[in-house]
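Take a look at the structure set out below.
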Amino acid sequence: IVAAFQPKRLAGKTLLITAGPTFEAIDPVRGITNLSSGKMGFALARAAREAGAQVTLVAGPVSLPTPRGVQRIDVRSARQMHDTVLPLAPRHDVFVATAAVADWRPATLAEHKIKKDGKKQAPTFELTENPDILAAVAALRGAKPYCVGFAAESENLLEHARAKLKRKGIPLIVGNLGPATFGRDDNALLLVDATTQQALPADGGTADKLSLARLLVADIAARLQAAHHPA
Ligand code: CTP
Ligand code: CA
């Protein structure tokens, strides 16, 4: 009911969103993952849809219902997420990377379950780096979406967010203090671009993730507008 009264700020726009954790297999029954719940990305997909956008949501392993009217593609590993996102990206106006992508994966995948029997020592695992999906989209030549990153930090939020903005070559990054927000319904965001920073909610407090998602959608819509019609 509320949505019906919201302006369709993203009518005619296409949004691609990654959400949730990734799962990096060690053997057929084990793997490395993280505590991302996917709630922020799913809330953003819902808010963008409410705002009239056509939304594609690429989700890691999460237990959340698909928001109404959103096209969802489930993936498991960072490489699957990368291989799903890259071909879709040029066809979208906006890419928002909310996923907590595993930075590393086990260098080798054991074909069978690794057993304890006979081993005197615990196994060790060599890790190898995963592709950076956001940086890869931002580096696309030709048609590419407006790229928005998320940064979960445990300290020095603004400093780390600005550094990531530069490193990934993106116009906007949304910072939040990771351990305080993973899995929770409430969050506080810091929108950081090359020259400005702005807290959401504006009073510096916290808000539920759907309210934050709606504020973020309104902000992204305004930035798109400004990019197309510079003052
Ligand atoms: N990201 C991504 N692919 C990766 C790693 C990160 O698309 N392999 C995206 C995330 O979805 C997020 C942004 O990049 O939007 C920042 O992720 P973050 O983990 O904070 O940055 P990293 O570059 O991985 O740096 P670090 O984890 O060392 O802080
Ligand atoms: Ca990371």
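Odds and ends about this structure:
- Taken about its Cα centre, the chain carries a charge dipole of about 500 debye when Lys and Arg each add +1 at the Cβ and Asp and Glu each add -1 at the Cβ.
- Of interest is the spacing of the C-alpha centroids, which for the range 151-217 and the range 30-95 amounts to 18 Å.
- Normalising the average separation of contacting C-alpha pairs (under 8 angstrom, six or more residues apart) by the number of residues puts the relative contact order of the range 12-82 at 37 percent.
- On Cα atoms only, tilt of 78-88 relative to the major axis of the chain in degrees: 40
- Summary value for the chain: 19 percent relative contact order, contacts being C-alpha pairs under 8 angstrom separated by 6+ residues.
- Cα shape, the range 157-227, gyration tensor, a/c 1.5 rule: oblate
- Modelled spin labels at Ile73 and Glu129, positioned 7 Å past Cα toward Cβ, are 2.5 nm from each other.
- Neighbour-limited loop hits for GluC sites (Glu not before Pro), the range 122-231 (at most 12 other Cβ within 10 Å; DSSP other than H, G, I, E, B): Glu126, Glu155
- Where trypsin sites (Lys or Arg not before Pro) in DSSP loops with at most 10 other Cβ within 10 Å are excluded, longest remaining stretch of the chain: 142-231
- Cα gyration tensor category, rounded, prolate or oblate, for the range 77-177 with a/c compared to 1.5: oblate
- 3J(HN,Hα) couplings calculated from phi for the range 113-120 with the Karplus curve 6.51 cos²θ - 1.76 cosθ + 1.60 (θ = phi - 60°) are, in sequence order, 4, 6, 9, 6, 4, x, 8, 7 Hz; Gly and Pro show x.
- Max mean-square fluctuation residue, GNM over the chain, Cα-Cα springs under 10 Å, options Asp185, Asp74, Asp117: Asp117
- Calculated mean residue ellipticity, 222 nm, the chain: -8500 deg cm²/dmol, from DSSP H runs (n ≥ 4) at -39500 (n - 2.57) each, averaged per residue and rounded to 500.
- Checking the cross-link pairs Lys8/Lys209; Lys13/Lys166; Lys144/Lys166; Lys13/Lys144; Lys144/Lys164 against a 23 Å limit on the alpha carbon distance flags Lys13/Lys166 as lying beyond it.
- Subtracting the Cα-Cα distance of Leu140 and Arg91 from 0.36 nm times their residue separation leaves 16.5 nm of extension gain.
- Percent of beta bridges antiparallel (DSSP, the range 75-189, rounded to nearest 5): 25
The numbers here are math on the coordinates, done by the rules we state, and not lab data. Please read all numbers here as calculations on a predicted model, not as lab measurements. Glycine also receives a Cβ, built like all others from the backbone with ideal geometry; neighbour counts cover every protein chain displayed.
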